[in-house]
1. The conditions are (1) over 22 Å from the mean Cα position of the chain (by Cα); (2) not in a helix (DSSP H, G or I), and Asp43 fails exactly one of them. Which is it?
2. Looking at the stretch 261-281, can you tell me whether even one residue there is among the polar types (S, T, N, Q), outside the structural domain of Ser107 (by TED's automatic domain parsing) and more than 30 Å from Trp193 (Cα to Cα)?
3. Against the conditions (1) surrounded by 19 or more Cβ atoms within 10 Å (Cβ to Cβ); (2) under 26 Å from Asn342 (Cβ atoms); (3) free of Cβ contacts under 8 Å to residues at least 40 places away in the same chain, where does Asp410 fall short? Just the number, please.
4. Conditions: (1) basic (Lys, Arg); (2) farther than 25 Å from Asp42 by Cα; (3) surrounded by 20 or more Cβ atoms within 10 Å (Cβ to Cβ). Lys144 meets all but one. Number of the miss?
5. When you scan the stretch 313-333, do you find a residue that is farther than 17 Å from Met457 by Cα and of a type in the set (Ser, Thr, Tyr), even just one?
6. I'd like to know if the stretch 399-421 contains one or more residues that are touching an Asp or Glu at 6+ places or on another chain (Cβ under 6 Å) and in a loop (DSSP other than H, G, I, E, B).
7. Quick test of your reading of the structure: Thr112 fulfils all but one of (1) surrounded by 14 or more Cβ atoms within 10 Å (Cβ to Cβ); (2) closer than 18 Å to Pro291 by Cα. Name the failing condition by number.
Amino acid sequence: MTERPPTILWFRQDLRLSDHPAFRAACSDDGRVLPVFILDEDDPWAPGGASRWWLHHSLAALAKAITSAGGKLLFFQGKTLDVLRGLCEETGATRVCCSRRYEPWHSEQEQTLHRELEAQDVSFKRYPGTLLHEPGSVLTNEDKPYRVFSPFWRACLKRDVAPPQSTPDCRWFAHEAGLEIDELGLLPQDPNWAEAWDERWTPGEDGARQRLEDFLDDTVAGYAGNRDKPGVGGTSRLSPHIHFGELSPRQIWAQSQARLAAEGKLTKDIEKFQAELGWRDFSYQLLHFFPDITEKPFNKRFSAFPWADSPDELKAWQKGMTGYPIVDAGMRELWQTGHMHNRVRMIVASFLCKHLRIHWHHGANWFWDTLVDADLASNSCSWQWVAGSGADAAPYFRIFNPMTQGEKFDKAGDYVRRWVPEIKALPDKHLHTPWEAPEKVLSDAGVKLGSDYPLPMVDHREARQAALDAYEAVKSSASA
């Protein structure tokens with residue numbers, strides 16, 4: 001009996017085997033499946049350094065899972081079309097299955113692949129599976145995309161979320177080709193700045209499942225309030241697992257719904273957690289309908305905003321040396337762990353855009369390179385939200401006060417003391433405003449401002465007023 005031609009399963013940001021529609025489709029005709037991953041460096045938004053570290057370990061976990069199931073994940077680096085064409089010629093494959101992506105470059109790439117592979121009599125099929133609701137499936141009554149999150153999310157809540165699919169039985173196709181995973185060059189070398197990350201993170205499908213279970217068992221109670229407190233560990237820390245597709249959003253939805261059904265007292269906490277999945281869907285919808293949101297202000301009048309050109313101030317912000325403890329704690333946590341607490345992300349972003357008036361592009365690019373969960377849709381939309389130029393944006397005059405933010409959300413100072421140890425001996429009263437501490441208090445704490453820890457690089461009141469003046473000038477220019 002002649003075997004059917006194999007199907008190529010092209011893994012992208014869907015590095016799991018469970019609830020994987022493209023995987024299920026590849027196995028659907030009882031044919032053999034050839035799993036591949038292609039690192040396409042032509043991608044203008046190729047993963048940054050921190051994401052490359054995560055990607056390496058997530059791929060290693062996926063490869064191990066596929067090996068345990070009897071297959072072998074093949075690794076390639078190069079132009080995706082060339083790789084897929086070559087594999088089809090070598091193996092006789094007549095079908096390629098993959099999960100859909102929504103970033104502009106990837107959407108265009110999918111159209112090219114469909115056109116070019118179909119010309120070779122190779123079927124190219126893409127499937128949903130990385131969002132709760134596909135872009136375009138939740139629209140206003142006028143069939144237009146929502147521009148504000150709250151009504152978008154209310155509309156989403158009226159729709160059912162499809163249940164997750166089980167892992168299919170699969171017959172694997174054996175083929176010797178490709179690179180060893182280390183040849184992809186994803187890990188940092190000389191120095192290995194991620195040396196301690198193995199103790200902090202467990203990339204891969206198993207690690208993602210365990211993280212979700214731990215969150216729902218131990219952390220979700222009180223999430224609605226604790227998520228804003230960086231010193232108490234009240235967030236899910238699921239974002240990198242979601243970004244790389246180690247868990248699907250509908251798996252998370254199903255498990256959180258089950259927990260809600262079992263414990264109704266968690267309604268407020270779980271609904272708040274689920275709304276974070278909704279913000280991710282909202283960001284992808286905006287990226288789908290407004291693809292230039294990664295580069296241009298969603299609110300066009302911000303095109304004339306007088307951003308400052310301040311390389312030295314940008315560098316001080318990146319290094320966590322602004323003189324504002326909550327800002328510096330966040331930037332140092334980011335550098336040392338590849339992650340930053342969500343509340344603090346808003347604080348440091350507001351400081352960059354409004355206190356320093358440095359273009360949000362610089363912040364978004366820094367996050368892209370240093371976050372393990374760097375996600376183009378969420379990164380672009382969230383930075384524009386803070387800058388005041390995005391959809392559903394915070395008003396520009398909402399300028400986070402880094403002192404009061406620290407005092408409110410890190411009241412005991414646990415977060416600042418962990419990441420800014422040079423001022424940890426200061427009493428709570430002065431921890432978030434060390435420049436206001438009397439000389440004796442500073443001396444007793446062993447702190448010499450301007451030497452051990454920097455003085456504030458800008459005055460909050462003056463910087464706030466300068467930002468408001470700049471915004472008013474833009475408003476006046478737009479209405480003239």
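The values are calculated or read from the model by the stated rules, or taken from the named source; none is laboratory data. Given the structure is predicted, the values throughout are model-derived calculations rather than measurements. No Cβ is skipped: glycine too gets one built from the backbone with ideal geometry, and neighbour counts run over all protein chains shown.
1. Going through the list (1) over 22 Å from the mean Cα position of the chain (by Cα); (2) not in a helix (DSSP H, G or I), Asp43 breaks only (1).
2. Of the residues in the stretch 261-281, the ones among the polar types (S, T, N, Q) are 267, 274.
Next cut, outside the structural domain of Ser107 (by TED's automatic domain parsing) only: 267, 274.
Applying the additional criterion that residues be more than 30 Å from Trp193 (Cα to Cα) yields 267, 274.
There is at least one residue in the stretch 261-281 that is among the polar types (S, T, N, Q), outside the structural domain of Ser107 (by TED's automatic domain parsing) and more than 30 Å from Trp193 (Cα to Cα).
3. All conditions are met except number (3).
4. Unmet condition: (3).
5. No, the stretch 313-333 contains no residue that is farther than 17 Å from Met457 by Cα and of a type in the set (Ser, Thr, Tyr).
6. Taking every residue of the stretch 399-421 in turn, at least one turns out to be touching an Asp or Glu at 6+ places or on another chain (Cβ under 6 Å) and in a loop (DSSP other than H, G, I, E, B).
7. The one condition Thr112 does not meet is (1).
Yes or no, residue by residue, for (1) of a type in the set (Phe, Trp, Tyr); (2) within 27 Å of Ala162 (Cα to Cα); (3) touching a strand residue (DSSP E or B) at 6+ places or on another chain (Cβ under 7 Å); (4) free of Cβ contacts under 8 Å to residues at least 60 places away in the same chain:
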site: Trp10; (1), (2), (3), (4): yes, yes, yes, no
site: Ala25; (1), (2), (3), (4): no, yes, yes, no
site: Asp42; (1), (2), (3), (4): no, no, no, yes
site: Trp45; (1), (2), (3), (4): yes, no, no, no
site: Arg52; (1), (2), (3), (4): no, no, no, no
site: Gly71; (1), (2), (3), (4): no, no, yes, no
site: Lys79; (1), (2), (3), (4): no, no, no, yes
site: Gly92; (1), (2), (3), (4): no, no, no, no
site: Cys97; (1), (2), (3), (4): no, yes, yes, no
